[in-house]
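Input: a single structure, listed below in structure tokens.
The values are calculated or read from the model by the stated rules, or taken from the named source; none is laboratory data. Every value quoted in this text rests on a predicted model; they were computed, and no experiment measured them. Methodologically, a virtual Cβ is constructed for each residue, glycine included, from the backbone with ideal geometry; neighbour enumeration extends over all protein chains shown. The protein model used for the area step is the full one, side chains on, heavy atoms only, and it has no ligands, DNA or RNA in it. Shrake-Rupley method; radii C 1.70, N 1.55, O 1.52, S 1.80 Å.
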Amino acid sequence: HLVDATVDPALDVFDLANVPTLQGAHNWQNAAAAYAVARAFNMAQGDIAAALETFPGLAHRQEIVMELGSIMFVNDSKATNGAAAARALASYENIYWIVGGEAKDDGLDAVMPHLAPVRQAYLIGQAAEDFVAELAGKVETKNVGTLARAVAFAYADAMRDGEPAVILLSPACASFDQFSDFEVRGQAFRDAVEGLMAPTDAPADVEEATS
């Protein structure tokens, strides 16, 4: 809840948990900062709450791409390091996590305390083999190589498991091994998700590493 404690009594302004595009404590902190700035310019509490409620989100930053039944696809391609990916992992439950690319120096150190919601990790790109080893014993992994294959396998696994789920691209890596930048990678994720609507066979020749 966004609470305005600058008035007496404190005012419960808005339940931020109801805004799908503002998931996670870091986004709630951002919303609180935006609220404080808007109030400094004498905007009404109700107007600020209405604006937050309709906030469309930002491209490639926990961007909701699509919902297919109870499965939500989230594009967090901007998460180019472990610390950024950790924020996303802390924001959802029942995650099928697409991770990998050109690794940064800190690898996956920052995400390790946030693996509890991850049902399976799908490794792509240059860092895939190293990340499989790093995640061994902590989460089940599949080394799938490419983003398109990761989306297909994650969707198949989530459908098989039959629970509400989030398929999350939050790579914790730079994109330059396979894409020109994070925006192109994010668009490739969107394209792969949209491709699930077309009839196709899931790829079968996957190198799987499970721990």
Inset, instruction - Identify, from the list Glu63, Glu93, the residue that is within 10 Å of the chain's Cα centre (by Cα), under 29 Å from Val139 (Cα atoms) and of a type in the set (Asp, Glu). - result: Glu63
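Considering each residue of region 33-62, count those that are within 30 Å of Pro171 (Cβ to Cβ), open to solvent by 40 Å² or more (accessible area, probe 1.4 Å) and outside any loop (DSSP other than H, G, I, E, B), and give that number. Don't jump to the end; show me each part of the working.
The initial filter retains those residues of region 33-62 that are within 30 Å of Pro171 (Cβ to Cβ), namely 33-34, 52-62.
Then drop every residue that is not open to solvent by 40 Å² or more (accessible area, probe 1.4 Å), which leaves 33-34, 53-56, 58-59, 61.
Imposing the further condition that a residue be outside any loop (DSSP other than H, G, I, E, B) reduces the set to 33-34, 53, 58, 61.
The qualifying residues number 5.
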Inset, instruction - Have a look at Asp106, Asp177 and point out the one that is within 18 Å of Ser77 (Cα to Cα), modelled with pLDDT under 95 and more than 17 Å from the chain's Cα centre (by Cα). - result: Asp106
Inset, instruction - Say whether the condition of being surrounded by 24 or more Cβ atoms within 10 Å (Cβ to Cβ) and over 28 Å from Asn18 (Cα atoms) is met by at least one residue in region 69-91. - result: no
Inset, instruction - Confirm whether Asp181 is closer than 21 Å to Val65 by Cα, open to solvent by 20 Å² or more (accessible area, probe 1.4 Å) and without any contact (Cβ under 8 Å) to a residue 40 or more places away in the chain. - result: yes
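One line per residue, one yes/no per condition, for (1) buried (at least 23 other Cβ atoms within 10 Å of the Cβ); (2) among the polar types (S, T, N, Q); (3) closer than 21 Å to Gly195 by Cα:
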residue: Gly107; (1), (2), (3): no, no, no
residue: Ala110; (1), (2), (3): no, no, no
residue: Ala116; (1), (2), (3): no, no, no
residue: Asp130; (1), (2), (3): no, no, no
residue: Val144; (1), (2), (3): yes, no, yes
residue: Arg149; (1), (2), (3): no, no, yes
residue: Phe153; (1), (2), (3): no, no, yes
residue: Glu163; (1), (2), (3): no, no, no
Legend entry - Residue among Gly46, Gly82, Gly57 that is under 22 Å from Asp109 (Cβ atoms) and among the small types (Gly, Ala, Ser): Gly82
Inset, instruction - Considering every residue within region 145-156, establish whether at least one is modelled with pLDDT of 95 or more and not in a helix (DSSP H, G or I). - result: yes
